[in-house]
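**Student:** The structure's right below; bear with me while I get my questions together.
The values are calculated or read from the model by the stated rules, or taken from the named source; none is laboratory data. On a predicted model such as this, the values are computed, not experimentally measured, just so you know. For neighbour counting, all protein chains shown are included, and Cβ atoms are generated from backbone atoms with ideal geometry for every residue, glycine included.
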Amino acid sequence: MLKITNEGRKAALDMRLVIPDAPPDPQGKVAQCAAEVHGIWWRTTGLKRAQLVFCDLSTPRADAGFSVYDELRAELIRLGIPQEQVAFIHDAETDAQKGKLFRSVREGKVRILLGSTSKMGIGTNVQKRLVALHELDCPWRPCDVEQREGRILRQGNECEEVEIIRYVTEGSFDAYSWQTVLTKSKFIAQVMSGDKGLRSVEDVELATLSYAEVKALASGNPLVIEKAGVDAEIARYSSLFSVWRNQRYGHESEVANLPARIQSMEKLAAALKADAEAASEVLARGVEAVVNGRRYQNRDDLGDALRTVIKTARASVSGRASEELIGHVGRLQLYAFIGRDADDVHLYLQGQAVHDCRAYSTGPALSAELQSVLRGAELRAAEASHKLASLRQRLLDLREELARPFEHEQRLTALLVRQRELARELDIDKDEVGSQAIEAVEQALAA
């Protein structure tokens, strides 16, 4: 298959790469590219605009065998472009030679530069006068296409508008090459999209090219074109179906857990509401607390009493956590929590819920924190009610979402039926790889 793929790409570029004694094709890529390059060169002569030509196959050969590069340069010279204005990136072997060549392109001395993606990709800063970019063949990776176009779609280019021209041989292996790059591009785009709902990416089209598909491509069967379109649509809808299915699994799990969470939140919201009412009563008549049997209304006196409690609690740390009821504030009980060490000692209020106080040491800070907790009770109750409402709404939304079928199910089913029909007509259903790929999608949809 590697040999078939390699020769298919060569034949799509120029038949002389496969059959050395084949005649030149006047409608082939070399002739078409030469005509386009010459036309743009002629129109932009006054401004000395430059052009790049990318070709990863058939680079210049030392043994003087056939090369698309040499053939294209010869054709450009025949059309009237001076030889010194056409250059190969492969002729510049050192960094110094590359720097000199790039400077010549930027200055308009070299106006046609030919090269491969690997040699004329990253680091090729010749964009100043570039007006057109030509792609004679298709690379294997989407990033290679981006690297090519990045040479001209680049800051520092004087041209407000540029042309990117791709050459494709109809009915050749080019169709499969560009389809492969498209598939990889979709796969990468799914990963890079940042969609939180996306839990898996299925690259369903990157199967090995089967012999049946090669036979169909070679025969020029128009059903292959239809199959490529059907396969592309199925890949897109299958990806959407995979996301929908995985989201559905997550929704089902969440719906199973939400009732318990709602019940727990209902209890907490009710408890916080009752405590907020108790705190409101205390704040309405002025903060008054009972600590160790003594009633305190003055803020400073209350602070001193609380500081004494904290100091005593820290002195009694025994390595085991404990709690001590030290008084009450209205209907709320006041506790001292004594942790495993002296730094883990703090106060908290308890009604139907627990309200922790920060672990301060000074009297004024302790008194202020106690009042702050009382004033914040109403806000905590409101937040719990809002959370409860959100959980209830979430449960309704998820149940409604689970009741909906996959929105593209009918279209995907119809496409799978057509794919089966095309596979039978192209004999792909007899090929193990092709048959397994189709069955995988059908089984996923049925599940």
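**Student:** Give Leu334, Leu412, Leu379, Leu416 a once-over and let me know the one that is of a type outside the set (D, E, K, R) and in contact with a Gly (Cβ under 6 Å, 6 or more places away or on another chain).
**Tutor:** Answer to the selection: Leu334.
**Student:** If I go through the stretch 97-129 residue by residue, how many of them are crowded, with 20+ Cβ neighbours inside 10 Å and modelled with pLDDT under 85?
**Tutor:** Here the count works out to 1.
**Student:** To continue, here is another question. Looking at the structure I just gave you, is Glu254 closer than 30 Å to Glu400 by Cβ and surrounded by fewer than 18 Cβ atoms within 10 Å (Cβ to Cβ)?
**Tutor:** It is true that Glu254 is closer than 30 Å to Glu400 by Cβ and surrounded by fewer than 18 Cβ atoms within 10 Å (Cβ to Cβ).
**Student:** In the stretch 327-353, what count of residues is obtained for those that are more than 18 Å from Ala289 (Cα to Cα) and surrounded by 16 or more Cβ atoms within 10 Å (Cβ to Cβ)?
**Tutor:** Total meeting the criteria: 4.
**Student:** Taking the stretch 293-318, which residues are in contact (Cβ under 8 Å) with a residue 40 or more places away in the chain and in contact with a helix residue (DSSP H, G or I) (Cβ under 6 Å, 6 or more places away or on another chain)?
**Tutor:** The answer is Arg299, Leu302, Gly303, Asp304, Leu306, Arg307.
**Student:** Report whether or not Ser385 is hydroxyl-bearing (Ser, Thr, Tyr), part of a helix (DSSP H, G or I) and under 17 Å from Ala274 (Cβ atoms).
**Tutor:** yes
**Student:** Going by what's in this entry, would Tyr348 be described as in a loop (DSSP other than H, G, I, E, B) and farther than 30 Å from Pro405 by Cβ?
**Tutor:** So Tyr348 does not fit the description; no.
**Student:** Return the only residue of Gln97, Gln127 being more than 24 Å from Gln27 (Cβ to Cβ) and either touching a residue at least 12 places away in the same chain (Cβ under 8 Å) or outside the structural domain of Glu170 (by TED's automatic domain parsing) (or both).
**Tutor:** Gln127
**Student:** Could you check the stretch 111-160 and list, in sequence order, the residues that are acidic (Asp, Glu), assigned to a loop (DSSP other than H, G, I, E, B) and under 30 Å from the mean Cα position of the chain (by Cα)?
**Tutor:** Asp137
**Student:** How many residues does the stretch 271-299 contain that are among the hydroxyl-bearing types (Ser, Thr, Tyr) and loosely packed, with under 14 Cβ neighbours inside 10 Å?
**Tutor:** Matching residues across the stretch 271-299 total 0.
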